[in-house]
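Below is one structure, written out as structure tokens, with a few remarks after it.
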Amino acid sequence: MLAISPIVRALRAAHVRDAPRAELLRLACEKIRGLGAPYTSVYAYMLQGDELVLEAFSGRETEHTRIPVGRGVCGTAVATGEDQNVADVGVVGNYLACNLETKSELVVLIRRGHTILGQLDVDSDVPAAFTVAHHEAVKAVADALAVLL
């Protein structure tokens, strides 16, 4: 499962030592990106009212620190309640580009039951970069965060 178990173990270990939410989110972003290609940048957005707020990232900086629900791939994931795996961001009409090099994007919701807490947003410079296995791996991290946050 793409070496995800060590990431979940690292998150649990950090939680046991009372790491704050910001550290858990940062750790998740860094560890996923640390797996290498196709993970170019990883962003952790948390839902606050009707906006997603960037709380941690690893990789390229983004000007999109607040995203309204329903806008872009990230906002669409929350509005529909479904993860998004976009093979070509260039064909998405309401796409919000974190940077011009991004070619594909994977957004996985962090949810506790039916409640959406936030999401992990993963960008890649490679078109159609994310397979079902990548999605499952990021979902395992998102599911762990849902319990630990």
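Values quoted throughout were computed directly from the atomic coordinates according to the rules given, and no laboratory measurement underlies them. Bear in mind that the values here come from a model prediction, so they are computed numbers and not experimental data. Cβ placement follows ideal geometry from the backbone for every residue including glycine, while neighbour counts extend to all protein chains displayed.
Couplings 3J(HN,Hα) of region 29-35, computed from phi: 4, 5, 5, 5, 4, x, 5 Hz, in residue order, whole Hz [Karplus 6.51 cos²θ - 1.76 cosθ + 1.60, θ = phi - 60°; x for Gly and Pro]. Each principal axis of the chain carries a Cα extent, and these read 43, 33, 26 Å when sorted largest first. The modelled label-to-label distance for the pair Ala19/Asp125, using points 7 Å beyond Cα in the direction of Cβ, is 2.7 nm.
Sorting Leu106, Leu35 by the number of Cβ atoms found within 10 Å of their own Cβ, with the fewest placed first, yields Leu35, Leu106.
Coupling constants for region 64-70 follow from the phi torsions by the Karplus curve (6.51 cos²θ - 1.76 cosθ + 1.60, θ = phi - 60°), and in residue order they are 8, 8, 9, 10, x, 4, x Hz; glycine and proline get x. Cβ crowding within 10 Å, taken as a proxy for footprinting-reagent exposure, orders Arg12, Arg66 from fewest neighbours to most as Arg66, Arg12. Each other residue within a Cβ distance under 11 Å of His15 adds +1 if Lys or Arg and -1 if Asp or Glu, for a net charge of +2.
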